[in-house]
Amino acid sequence: MSNANEMAENKLILLYIMELVKMPISDFQITQIILENRLMNYFVFQQLLDEIISGGLAQRAVDKGRVFYSIVPEGGKMLDLFPKHIPEGIKSALKNIINSKSREIKKEVSIIADYTPESESKYTVSCEVREGDLTLIDLKVAVGSKEDAKSICGNWKSHASIIYRDIIETLTKHR
């Protein structure tokens, strides 16, 4: 396979992943899928991702400091034009990978934690859990250090369902 054909195939693979996910996919998740499955090396992946975005086939969005990618209609048309350019084995493997990671991908999109410095000794931490369009909890907390703010964000991202359950139990407990 020539280098140009390989690059075109790899671009189609990136678009195919975004198409399969059916929602914005985080930079971390798409990178993990590409590298764990040795679909292409990191530098080629980054170059091709930039090319499909600058070519109007996909879009990059930033939400609270996190980067997400999604296919746009032009990218979908490109996939429709060249369906045979992605080997069936790769398509099948990607379907299995996306199916196994779909809960993780959805979780990452719906659990948000970020902090904003208000002054040298005050940070506002925003933590949120969304289920589709429904916001289950939107919590804002003021803390006195950047380390505390980072710690809260990390704990929220790793344990949001447990923390949410604990908050609900605490708030509904008869006192």
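The values are calculated or read from the model by the stated rules, or taken from the named source; none is laboratory data. As the structure is a prediction and not an experimental result, all values here were calculated from the model. Glycine gets a Cβ as well: all are built from the backbone with ideal geometry, and neighbour counts include every protein chain shown.
Do any residues in segment 17-41 that are under 13 Å from ARG60 (Cβ atoms) and in contact (Cβ under 8 Å) with a residue 24 or more places away in the chain have Cβ atoms under 6 Å from those of residues that are surrounded by 15 or more Cβ atoms within 10 Å (Cβ to Cβ) and among the polar types (S, T, N, Q), where the two are at least six apart or on different chains, and which pairs are they?
Pairs found: MET18/SER70; PRO24/SER70.
Working carefully through the options ARG103, ARG38, find the one that is under 14 Å from the mean Cα position of the chain (by Cα) and either in a helix (DSSP H, G or I) or at pLDDT 85 or above (or both).
Selected residue: ARG103, the only one of ARG103, ARG38 that is under 14 Å from the mean Cα position of the chain (by Cα) and either in a helix (DSSP H, G or I) or at pLDDT 85 or above (or both).
Given the residues TYR69, TYR16, which is the only one that is part of a strand (DSSP E or B) and not acidic (Asp, Glu)?
Within the list TYR69, TYR16, the selection yields TYR69.
Quick check on SER26: is it touching a Pro at 6+ places or on another chain (Cβ under 9 Å) and either of a type outside the set (Asp, Glu) or over 30 Å from THR124 (Cα atoms) (or both)?
For SER26, the condition - touching a Pro at 6+ places or on another chain (Cβ under 9 Å) and either of a type outside the set (Asp, Glu) or over 30 Å from THR124 (Cα atoms) (or both) - is not met.
Can you report the number of residues in segment 1-35 which are among the charged types (D, E, K, R) and either modelled with pLDDT under 90 or surrounded by fewer than 14 Cβ atoms within 10 Å (Cβ to Cβ) (or both)?
Of the residues in segment 1-35, 3 are among the charged types (D, E, K, R) and either modelled with pLDDT under 90 or surrounded by fewer than 14 Cβ atoms within 10 Å (Cβ to Cβ) (or both).
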